[in-house]
Amino acid sequence: MIIDFRLRPPVKPYLSGRMYNLERNKRLSESMGMYQSPSVLNYSMDMLLDEMDEAGVSIGVVPGRESNPGMGDATCEEVTSIVQSHPGRFVGIAGVDPTKPDEAFSRIEQFVVNGILKAVCLEPGALPEPLYGDDRILYPVIEYCAARDIPVMMMLGGNAGPDVSYTNPVQIDHVAADFPSARFIISHGGWPWVTEAIHVAYRYKNVYLLPDLYQFNGPGSGEYLAAANYILRDQMLFGSAYPYVSLREAVDYFLEGRLRPEAQPAFLAGNARRILELERV
């Protein structure tokens, strides 16, 4: 089994976001030495499901977003619909706006606690008024999730804010220390602060790194790979970043000699199953 922890399928609402701008998509794919999938070029969910089967990807994790329409929102209702329309193929994450805590609590209660979504996504640097990941405005939502043992995905890395300071993993260092019982998933893996992000995860066992796009053929990719093979074997997550990277290429990248056989079960599925509590899936 392989679980792809960052997969945005070619259906609404993702098609309205910039990730499905084919010219931009092609540029990012080629910058990582990859190519665009036919399922992306044809905006085809059926072709994606076939591609998942061919690559051995059993489950795709679908992240939501409700705080920045300019980047393409994916509401809890829409993510839930994707999961329900394809039983057993997708797991959803609820995107909420942490600057509206009462509304966020209600959404989490409805779609995670009493619904089928498995975690909560916060993207502080991408808010209309960007915040750092350790801003105290975020703390009520994090505390709410921690009290209910709900994992929190935070986007820290890549283009996670208006400048590179919004990607600095010192933010999650602070938050992980303040919430030792919470479980954090760092999408974009703190890139380009790769060594620093690895160090934070090494210090805090409640921090999981999801480098997604930045784990392929780029600066720092070797460090992520070393972490997955050795010191962070139980805290690294595989994510293709689809639609930017084809699933077959993403899987082959790790199975063609880069990822040690003994590290493959945890990186490709085991860590995701544990943090999302999918042991029975």
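The values are calculated or read from the model by the stated rules, or taken from the named source; none is laboratory data. Please read all numbers here as calculations on a predicted model, not as lab measurements. For neighbour counting, all protein chains shown are included, and Cβ atoms are generated from backbone atoms with ideal geometry for every residue, glycine included. With ligands, DNA and RNA removed, areas are computed over all heavy atoms of the protein, side chains included. Shrake-Rupley method; radii C 1.70, N 1.55, O 1.52, S 1.80 Å.
Here are the numbers:
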{"quantity": "Residue match in segment 113-134 (condition: charged (D, E, K, R) and in contact with a His (Cβ under 7 Å, 6 or more places away or on another chain))", "calculated": "yes"}
{"quantity": "Within segment 173-206, tally of residues that are open to solvent by 30 Å² or more (accessible area, probe 1.4 Å) and of a type in the set (Val, Ile, Thr)", "calculated": "1"}
{"quantity": "Qualifying position, being in contact (Cβ under 8 Å) with a residue 40 or more places away in the chain and under 16 Å from the mean Cα position of the chain (by Cα), among 213, 209", "calculated": "213"}
{"quantity": "Residue within segment 41-53 that is of a type outside the set (A, V, I, L, M, F, W, C), under 19 Å from residue 159 (Cβ atoms) and open to solvent by 10 Å² or more (accessible area, probe 1.4 Å) present", "calculated": "no"}
{"quantity": "Positions within segment 243-281 being in a helix (DSSP H, G or I) and open to solvent by 30 Å² or more (accessible area, probe 1.4 Å), in sequence order", "calculated": "248, 249, 252, 255, 261, 262, 264, 265, 273, 274"}
{"quantity": "Search result, residues across segment 70-82 that are within 16 Å of the chain's Cα centre (by Cα) and either surrounded by 20 or more Cβ atoms within 10 Å (Cβ to Cβ) or farther than 26 Å from residue 133 by Cβ (or both)", "calculated": "74, 76, 79"}
{"quantity": "Candidate set from segment 83-121 (those that are among the small types (Gly, Ala, Ser) and surrounded by 23 or more Cβ atoms within 10 Å (Cβ to Cβ)); member that is nearest to residue 65 (Cα to Cα)", "calculated": "95"}
{"quantity": "Residue list for segment 145-172, restricted to those being in a helix (DSSP H, G or I) and aliphatic (A, V, I, L, M)", "calculated": "146, 147, 164, 170, 172"}
{"quantity": "Residue match in segment 229-242 (condition: part of a helix (DSSP H, G or I) and either within 14 Å of the chain's Cα centre (by Cα) or free of Cβ contacts under 8 Å to residues at least 60 places away in the same chain (or both))", "calculated": "yes"}
{"quantity": "Selection count where residues are surrounded by 19 or more Cβ atoms within 10 Å (Cβ to Cβ) and either modelled with pLDDT under 90 or aliphatic (A, V, I, L, M) (or both), scope segment 30-40", "calculated": "3"}
{"quantity": "Selected residue (only one of 234, 212 is open to solvent by less than 20 Å² (accessible area, probe 1.4 Å) and among the charged types (D, E, K, R))", "calculated": "212"}
{"quantity": "Any chance residue 245 is under 18 Å from the mean Cα position of the chain (by Cα) and either among the basic types (Lys, Arg) or farther than 25 Å from residue 17 by Cβ (or both)", "calculated": "no"}
{"quantity": "Qualifying residue in segment 160-167 (condition: crowded, with 24+ Cβ neighbours inside 10 Å, modelled with pLDDT under 95, touching a helix residue (DSSP H, G or I) at 6+ places or on another chain (Cβ under 6 Å) and under 16 Å from residue 123 (Cα atoms))", "calculated": "yes"}
{"quantity": "Residue 99, sole failed condition from (1) over 22 Å from residue 275 (Cβ atoms); (2) in a loop (DSSP other than H, G, I, E, B); (3) without any contact (Cβ under 8 Å) to a residue 12 or more places away in the chain", "calculated": "(3)"}
{"quantity": "Test: residue in segment 237-257 that is of a type in the set (Asp, Glu) and over 17 Å from residue 35 (Cβ atoms)", "calculated": "no"}
{"quantity": "Residue match in segment 173-194 (condition: at pLDDT 95 or above, more than 26 Å from residue 225 (Cα to Cα) and part of a helix (DSSP H, G or I))", "calculated": "yes"}
